[in-house]
Amino acid sequence: MRQETGPAVLHYGFRLMFLAAAGWAIVAIVVWLAMYFESANLPSRFDPMSWHIHEMLFGFVMAAIAGFLLTAIPNWTGRLPVRGTGLAALFGIWLAGRIACLVSAVLPAWLAIAADVAFPVTLLGVAAREIIEGRNWRNLPMTAPLALFILADFSMHLESLGLDVPAGLGWRLGVGAPIVLISVIGGRIIPSFTRNWLAKRNSERLPVPPNRFDSVAVIFLAAALLLWAALPDRAASGAMLVAAGILHGARLARWAGMSTWDEPLLFILHTGYAWVALGLLLLGLSIFDVGVPMPSGVHALTAGAISVMILAVMPRVTLGHTGREPIANRATAAMFILINLAALARVCASWHAALAMQLLLTAGLCWIAAFAIFAWVYGPMLLTPRQGS
């Protein structure tokens, strides 16, 4: 490693991009709630709902994914991390995209699209370059979801301009890409961390080692989500999503998650993956006439699986890479409870029309509180040098 110089926040990708993800998670939901309750309007080509969907996926989620990948790739390849000026430039591209989408109605369409799509394109280029130059071929498929994000982002922009693209294709692809990433990365870290923790306690039950079942489950999940993105109303899509939900529920059960309930930093990873299985089941059932609303499945995957997993991973990475013990304090435990309450309230809002506004507000406030706690507890760690350095 080079000697670290300059501001600590530019020493590693997780520092700046996790702060960006948490900050935008708060700002975007505050703006969305203001628009939902008709107290604000944006000069954006996206209608309010489309802007909300877009900024959750391509603002908040993309920033969190960038923070994770920019931190994980040096571990995979043994190469130096992207840092300093390069990292600041990446953040600047991400921020330019957020501003462009916020005021896209007053910009030339091509400029708004270019400014926004530039971040996933640049991130894909950086990730691919590092993995290829490090000859880390095993992790090269990790770039595929990033390519899918580019297509999804571009499709949402084209739809906002009224061009002839399949309605909703962009956001459906944007939901599917991080779920596939979670299934791959979660399948590595959750059983591994769980095994290490249980082995230290001489537990008789340990996670089942990864085998062909896991590979089949991941491939089947990717196929189900791609089919749903292309054909969201077909019975075949619903059947595959339900089957994928069952497969991934069975996969989770193999990881001995209930044995970790008294270790919040570990149990929250299992909880986040449980949202994957539940979201797939709800989304699949929503295609059939059985009374399950489609938004409940979508939000189980987004507000549930994606957001819970992001808030599960960000503290663990922050603690580990700043030289601290991976132990959750009370504020972190409260953050985990709040993000799950936010997801639960948002899913339930789709079922109860009479209480929808109250549940949406509850979900928004719990969400804001969860990410505010992250910023309050982990912000100082992200902004200051690693302990012992």
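The values are calculated or read from the model by the stated rules, or taken from the named source; none is laboratory data. The structure displayed is predicted, hence computed values, not measured ones. For neighbour counting, all protein chains shown are included, and Cβ atoms are generated from backbone atoms with ideal geometry for every residue, glycine included. Keep in mind that these areas ignore ligands, DNA and RNA; they rest on the heavy atoms of the full protein, side chains included. Shrake-Rupley method; radii C 1.70, N 1.55, O 1.52, S 1.80 Å.
Considering every residue within the range 301-319, establish whether at least one is at pLDDT 95 or above, more than 27 Å from ALA253 (Cβ to Cβ) and among the polar types (S, T, N, Q).
Initially, the range 301-319 is screened for residues at pLDDT 95 or above, giving 301-319.
Filter once more, keeping what is more than 27 Å from ALA253 (Cβ to Cβ): 318-319.
If we keep only those that are among the polar types (S, T, N, Q) too, we end up with 318.
For the range 301-319, residues at pLDDT 95 or above, more than 27 Å from ALA253 (Cβ to Cβ) and among the polar types (S, T, N, Q): present.
Would you call SER296 of a type outside the set (D, E, K, R) and at pLDDT 95 or above? Don't jump to the end; show me each part of the working.
On the way: of a type outside the set (D, E, K, R): yes; at pLDDT 95 or above: yes.
It is true that SER296 is of a type outside the set (D, E, K, R) and at pLDDT 95 or above.
Per-residue answers, yes or no, for (1) more than 21 Å from ILE190 (Cβ to Cβ); (2) part of a helix (DSSP H, G or I); (3) without any contact (Cβ under 8 Å) to a residue 40 or more places away in the chain:
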{"site": "ALA331", "(1), (2), (3)": "yes, yes, no"}
{"site": "ALA343", "(1), (2), (3)": "no, yes, no"}
{"site": "LEU360", "(1), (2), (3)": "yes, yes, no"}
{"site": "ALA370", "(1), (2), (3)": "no, yes, no"}
{"site": "PRO380", "(1), (2), (3)": "yes, yes, yes"}
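Condition (residue is out of contact with any Lys or Arg (no Cβ under 8 Å at 6 or more places or on another chain) and either open to solvent by less than 10 Å² (accessible area, probe 1.4 Å) or in a helix (DSSP H, G or I) (or both)) applied to the range 321-328: is it met by at least one residue? Explain how you work it out, then say what you get.
If we filter the range 321-328 for residues that are out of contact with any Lys or Arg (no Cβ under 8 Å at 6 or more places or on another chain), which is where we start, we get 324-325, 327-328.
Filter again for either open to solvent by less than 10 Å² (accessible area, probe 1.4 Å) or in a helix (DSSP H, G or I) (or both), leaving none.
No, because not a single residue in the range 321-328 is out of contact with any Lys or Arg (no Cβ under 8 Å at 6 or more places or on another chain) and either open to solvent by less than 10 Å² (accessible area, probe 1.4 Å) or in a helix (DSSP H, G or I) (or both).
Can you tell me which condition GLU55 does not meet? The list is (1) more than 26 Å from ARG188 (Cα to Cα); (2) surrounded by fewer than 18 Cβ atoms within 10 Å (Cβ to Cβ); (3) not aromatic (Phe, Trp, Tyr), and all the others hold.
(2)
So which residues in the range 1-51 are out of contact with any helix residue (DSSP H, G or I) (no Cβ under 7 Å at 6 or more places or on another chain), over 26 Å from LEU161 (Cα atoms) and open to solvent by 40 Å² or more (accessible area, probe 1.4 Å), if there are any at all?
Scanning the range 1-51 gives MET1, ARG2, GLN3, GLU4, THR5, PRO7.
Which one of these is on the phi < 0 side of the Ramachandran plot, open to solvent by 30 Å² or more (accessible area, probe 1.4 Å) and assigned to a helix (DSSP H, G or I): LEU285, LEU311, LEU269, LEU265?
Numbers: LEU311 fails: open to solvent by 30 Å² or more (accessible area, probe 1.4 Å); LEU269 fails: open to solvent by 30 Å² or more (accessible area, probe 1.4 Å); LEU265 fails: open to solvent by 30 Å² or more (accessible area, probe 1.4 Å).
Exactly one residue qualifies, and that residue is LEU285.
Do you know which residues across the range 110-165 are surrounded by 15 or more Cβ atoms within 10 Å (Cβ to Cβ) and part of a loop (DSSP other than H, G, I, E, B)?
GLY134, ASN136, VAL165
Hey, could you check the range 166-180 for residues that are in a helix (DSSP H, G or I), open to solvent by 10 Å² or more (accessible area, probe 1.4 Å) and in contact (Cβ under 8 Å) with a residue 60 or more places away in the chain and say which is nearest to MET62 (Cα to Cα)?
TRP171
Out of all the residues in the range 244-252, is one or more of a type in the set (D, E, K, R), within 25 Å of ALA312 (Cα to Cα) and open to solvent by 40 Å² or more (accessible area, probe 1.4 Å)?
Checked against the condition, which is being of a type in the set (D, E, K, R), within 25 Å of ALA312 (Cα to Cα) and open to solvent by 40 Å² or more (accessible area, probe 1.4 Å), the range 244-252 yields no hits at all.
State which residue pairs qualify: first residue within 16 Å of HIS11 (Cα to Cα) and inside the range 299-325, second residue among the polar types (S, T, N, Q) and surrounded by fewer than 24 Cβ atoms within 10 Å (Cβ to Cβ) in any location, beta carbons under 9 Å apart, and separation of 6 or more residues or different chains.
Within 9 Å, the pairs are VAL317/THR71; HIS321/THR71; THR322/THR384; THR322/GLN387; GLY323/GLN387; GLY323/SER389.
Of all residues in the range 69-109 being touching a Phe, Trp or Tyr at 6+ places or on another chain (Cβ under 6 Å) and among the hydrophobic types (A, V, I, L, M, F, W, C), which is least open to solvent (accessible area, probe 1.4 Å)? Even if it seems obvious, please write down each step before you answer.
Filtering the range 69-109 down to residues touching a Phe, Trp or Tyr at 6+ places or on another chain (Cβ under 6 Å) leaves 71, 81, 93-94, 97.
Still in the running and among the hydrophobic types (A, V, I, L, M, F, W, C): 93-94.
Working: ILE93: 50, TRP94: 8 Å².
Result: TRP94.
Got a number for residues in the range 244-262 being of a type in the set (D, E, K, R) and at pLDDT 95 or above?
Filtering the range 244-262 for residues of a type in the set (D, E, K, R) gives 251, 254, 262.
Remaining after also requiring at pLDDT 95 or above: 251, 254.
The total comes to 2.
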